[in-house]
1. When you scan the stretch 341-355, do you find a residue that is touching a Gly at 6+ places or on another chain (Cβ under 8 Å), modelled with pLDDT under 90 and not hydroxyl-bearing (Ser, Thr, Tyr), even just one?
2. Would you check if there is a residue in the stretch 378-386 being part of a helix (DSSP H, G or I) and polar (S, T, N, Q)?
3. Assuming residue 379 fulfils every condition listed in (1) of a type outside the set (A, V, I, L, M); (2) touching a residue at least 24 places away in the same chain (Cβ under 8 Å); (3) over 14 Å from residue 415 (Cβ atoms) apart from one, which condition is it?
4. Can we say residue 420 is part of a helix (DSSP H, G or I), touching a strand residue (DSSP E or B) at 6+ places or on another chain (Cβ under 9 Å) and modelled with pLDDT of 95 or more?
5. Which residue is nearest to residue 426 (Cα to Cα), if the candidates are limited to the stretch 223-232 and must be surrounded by 19 or more Cβ atoms within 10 Å (Cβ to Cβ) and out of contact with any Gly (no Cβ under 6 Å at 6 or more places or on another chain)?
6. Restricting attention to the stretch 277-302, report how many residues are in contact (Cβ under 8 Å) with a residue 60 or more places away in the chain, surrounded by fewer than 22 Cβ atoms within 10 Å (Cβ to Cβ) and closer than 15 Å to residue 369 by Cβ.
7. Please verify whether residue 106 is under 30 Å from residue 143 (Cα atoms), touching a strand residue (DSSP E or B) at 6+ places or on another chain (Cβ under 8 Å) and either at pLDDT below 90 or surrounded by 17 or more Cβ atoms within 10 Å (Cβ to Cβ) (or both), treating the condition exactly as stated.
Amino acid sequence: MAKFELKLPKMGESVAEATITSWLKEVGDTIEADDSVVEIATDKVDSDVPCEVSGTLIEILHDKDAVVKVGETLAIIEVEGEIEESISQPIAIEVDETVAKAAASVEQEIEKVVATKSATPKIVTSDRFYSPLVRNIAEKEGISQKELDTIPGSGLEGRVTKIDILEYLETRVVETKVEKSKETAKPTVVPLSVNGEDELIELSRMGKMISDHMIHSVQKSAHVQSFIEVDVTNLVTWRGQNKDAFFKREGEKLTYTPVFMMAVAAAIKEYPLVNLSFDGDKKVAIRKNINLGMAAALGDGNLIVPVIHNADELNLIGMAKVVNDLALRAKNNKLKPDEIQGGTYTVTNVGGFGSLFGTPIINQPEAAILAIGAIRKVPAVLETPEGDVIAIRHKMFLSHSYDHRVINGALGGLFIKFIKDYLEAWDVDAGS
């Protein structure tokens with residue numbers, strides 16, 4: 001008999017730990033290779049940890065709700081015979097030079113804080129979890145435990161992340177300047193009045209994260225919108241003629257979404273200044289890779305944004321496969337943390353719920369987002385050699401929300417005009 005250590009796997013460069021939400025197996029249970037043993041949650045996504053070997057679960061090392069670091073052992077599996085060396089090796093966590101320098105910098109900051117510990121207010125214990133890094137930043141900046149407990153958290157179960165506390169410090173500096181320049185009345189929080197027929201429900205962990213993310217985006221970006229109507233009759237005709245043959249040949253359903261994503265990727269190549277991300281408040285990064293976020297529905301009705309990396313390199317078949325795969329695994333809560341990171345521009349299909357158009361909120365730190373409305377039959381005036389005629393056409397609206405701090409109305413409008421022209425010129429013989 002040999003013993004196999006089931007470890008918490010690497011889940012992306014920005015994910016260092018996870019919380020155990022439930023054990024799917026108990027001590028004494030028989031486990032087959034690839035069986036899911038434990039469910040975990042990170043600040044990014046929920047997932048499960050499969051076992052690489054077959055055997056018997058003989059020991060669970062962490063209880064439910066425990067926070068476990070990447071590479072830590074979760075459980076012990078007893079297997080028959082010897083374990084292959086490639087399986088028994090501990091998980092290797094690759095750290096590139098940039099990450100290493102950043103880690104060294106953080107360690108130096110922590111050492112400085114420890115050295116001046118006696119001169120900073122002591123953070124007392126609290127029922128709320130704070131990472132060592134957040135606590136050290138709080139002590140360095142003179143944030144008391146009482147003040148720390150008031151900071152909204154965007155992490156797991158409302159946990160305060162490094163970004164949360166740094167953004168809070170920026171806000172506190174601004175508020176301090178305002179208070180010194182003039183006195184302002186503190187807003188009064190009016191308690192919610194409910195009666196016996198009302199029902200109060202707690203926001204889910206995902207719901208809280210989405211709420212905080214949306215509020216942060218509205219407060220940070222100067223949102224403006226441009227709208228344009230698109231005649232997609234050619235596209236509708238083409239799909240009707242090709243969807244059955246496409247499914248038979250490729251084994252994939254042919255929806256409109258892959259075409260929309262190809263149009264957006266082409267528009268970004270034409271207007272790369274839309275493909276921006278903010279670095280603080282004074283600098284922006286022009287992203288060279290076109291990584292399209294695709295808003296998708298989770299099984300519980302919430303939304304998540306998996307990312308199609310290097311979308312401009314995919315043809316129609318490749319795009320259809322990626323779109324269908326991400327949408328299906330989003331619905332079944334099977335996305336990996338790396339698959340919802342690194343987006344540079346987001347697309348959301350509000351037409352899937354029957355909406356003609358919408359005003360989507362930018363997905364920070366990106367600078368723009370596109371909403372695709374419902375396709376519908378409408379009467380339209382067409383110009384012909386014989387004169388104007390009224391015909392039935394398939395049309396839809398595109399809604400482009402963008403950050404007016406860096407994208408002006410001309411660029412925002414030209415961007416969706418390019419997408420309109422791309423879709424209206426779609427060849428009915430394309431994709432064969």
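The values are calculated or read from the model by the stated rules, or taken from the named source; none is laboratory data. All of these numbers come straight from a predicted model, not from anything done at the bench. Here the Cβ is made from the backbone with ideal geometry for all residues, glycine too, and neighbour counts use every protein chain on show.
1. Yes, there is a match, as at least one residue in the stretch 341-355 is touching a Gly at 6+ places or on another chain (Cβ under 8 Å), modelled with pLDDT under 90 and not hydroxyl-bearing (Ser, Thr, Tyr).
2. no
3. Result: residue 379 passes all but (2).
4. Answer is yes for this residue.
5. 232
6. Final tally of qualifying residues: 2.
7. So residue 106 fails the test.
For (1) within 27 Å of the chain's Cα centre (by Cα); (2) at pLDDT 80 or above, each residue gets a yes or a no:
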{"position": "168", "(1), (2)": "yes, yes"}
{"position": "174", "(1), (2)": "no, no"}
{"position": "183", "(1), (2)": "no, no"}
{"position": "188", "(1), (2)": "no, no"}
{"position": "195", "(1), (2)": "no, no"}
{"position": "199", "(1), (2)": "no, yes"}
{"position": "206", "(1), (2)": "yes, no"}
{"position": "224", "(1), (2)": "yes, yes"}
{"position": "234", "(1), (2)": "no, yes"}
